[in-house]
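Data first, discussion second: the structure below is written as structure tokens.
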Amino acid sequence: MAIYHLEAKVVSRGAGRSAVAASAYLSCSRLYNDYDGIQHDYTKKQGLVWQGVFLPEYAPQEWQSREKLWNAVEEVETAKDSRLAREFIVALPIELNREEQIELLQEFIREQFVSDGMCADAAIHDTDGHNPHAHILLTVPPAG
């Protein structure tokens, strides 16, 4: 039986967070934040099994690079208490195989967020095969 888990958060500069850092964490990558000059390195983090960036049709194609996408957001949102992104962490049904989990997540992101004009940065983490979960980072205002 699938176990439900959902966390919803706001990535806010006022809380000391960065959209670039949140993206680096979910993608287990190294991203440079132009806003504060910090390189966020999560390349040693384990458990990344899939990742993707989803854009509305009219978004600049260069935003397929998560570093460019989130640096663009950080550049536009200049206030010290800016809300930079929305973040969701959601459990995925263990009854589905990996391909079905990815398909479910992609469909959900396209239907619920991208169709409303949001850019989405997503990844699936699962370190032991018993805790598949998705991280979804969304732009706050519709992009464009």
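Its convex hull of Cα atoms gives region 21-99 a direction-averaged projected area, equal to a quarter of the hull surface, of 6.7 nm². The Cβ shell under 14 Å around D116 holds other residues with a net charge of 0, Lys and Arg each +1, Asp and Glu each -1. Only helices enter the 222 nm calculation for the chain: every DSSP H run of n ≥ 4 contributes -39,500 (n - 2.57), and dividing by all residues gives -7500 deg cm²/dmol, rounded to 500.
Classify the chain from the C-alpha gyration tensor, please: rounded if a/c falls under 1.5, else prolate or oblate depending on whether a/b exceeds b/c. Here the chain falls in the prolate category.
A DSSP coil position with no more than 13 other Cβ atoms inside 10 Å describes the following GluC sites (Glu not before Pro) in region 4-90: E57. In the neighborhood of E7, defined by Cβ-to-Cβ distances under 12 Å, what is the net charge if each Lys or Arg adds +1 and each Asp or Glu adds -1? Value of the local net charge: +1.
Averaging sequence separations of C-alpha pairs under 8 Å and six or more residues apart, then dividing by the length of the chain, give the relative contact order as a whole percent. Don't skip to the answer; put the middle values down first.
Numbers: 281 pairs, mean separation 45.5, N = 144.
Relative CO of the chain lands at 32 percent.
Across region 68-144, the mean sequence separation of Cα contacts (distance under 8 Å, 6 or more residues apart), normalised by length, yields a relative contact order of 37 percent. Computed over protein heavy atoms with a 1.4 Å probe, the carbon and sulfur contribution to the accessible area of the chain reaches 51%.
How high is the relative contact order of region 1-55, in percent, with contacts defined as C-alpha pairs under 8 Å that are six or more residues apart?
Working: 48 pairs, mean separation 12.8, N = 55.
About 23 percent, as a whole number.
Counting heavy atoms of the protein chains only and a 1.4 Å probe, report the per residue accessible area for the chain as a whole number of Å².
On the way: 7950 Å² over 144 residues.
Result: 55 Å² per residue.
The values are calculated or read from the model by the stated rules, or taken from the named source; none is laboratory data. Just so it is clear, the structure is predicted and the values come from calculations on it, not from any experiment. Don't worry about glycine lacking a Cβ; one is built from the backbone with ideal geometry, like all the others, and counts go over all protein chains shown. Heads up: the accessible areas ignore ligands, DNA and RNA and are worked out on the full protein's heavy atoms, side chains in. Shrake-Rupley method; radii C 1.70, N 1.55, O 1.52, S 1.80 Å.
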